[in-house]
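Worksheet: one structure, shown below.
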Amino acid sequence: MQVAAIFVALFASAFGIFYMYYVTRNKERMAMIEQGTQVSLFKETKQPRERKTYNHIKFTLKFGMFLIGLGLGFVLAVLIEQAFMINQIELFVVGFVFIFGGLGLVSGYFLGFHMDKKLQQ
């Protein structure tokens, strides 16, 4: 019963956040239109197809590096636990997953930065 209440509260709060975002955005836009500001501010600029694909590639690269880091963290934590017969494996798993996941994100950032520099040349 408590788990169901937590899920209901979670979904209700997520719905409330999205609802408030769209309601306030609409009110803000209506106020700007009444004041006579430019409507072109609301239009999203279309990116070229190549740029969208490039952003997708960068996101996939970063996500893949993150997952590789998580996997390395799990494997290394289990190997250290097996080698040294440590009883507190949970601490090592959590620590190594965060460390290697973060290293994966950082390396993905630098690889994406390198890709940006190559694209601008």
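The values are calculated or read from the model by the stated rules, or taken from the named source; none is laboratory data. It should be emphasised that the depicted structure is a prediction, and the values quoted were computed from it without experimental measurement. Don't worry about glycine lacking a Cβ; one is built from the backbone with ideal geometry, like all the others, and counts go over all protein chains shown.
Residue-wise test of (1) surrounded by 10 or more Cβ atoms within 10 Å (Cβ to Cβ); (2) modelled with pLDDT under 85; (3) more than 30 Å from residue 109 (Cα to Cα); (4) not assigned by TED's automatic domain parsing to the domain that holds residue 107.
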residue	(1), (2), (3), (4)
37	yes, yes, yes, yes
50	no, yes, no, yes
68	yes, no, no, no
74	yes, no, no, no
Test: residue in the range 84-101 that is touching a residue at least 12 places away in the same chain (Cβ under 8 Å), within 14 Å of residue 64 (Cα to Cα) and within 17 Å of the chain's Cα centre (by Cα): yes
Would you confirm, using the coordinates I've provided, whether residue 86 is at pLDDT below 90, surrounded by 12 or more Cβ atoms within 10 Å (Cβ to Cβ) and not in a helix (DSSP H, G or I)? yes
Within the range 65-73, can one find any residue that is under 30 Å from residue 118 (Cα atoms), touching a residue at least 40 places away in the same chain (Cβ under 8 Å) and not polar (S, T, N, Q)? yes
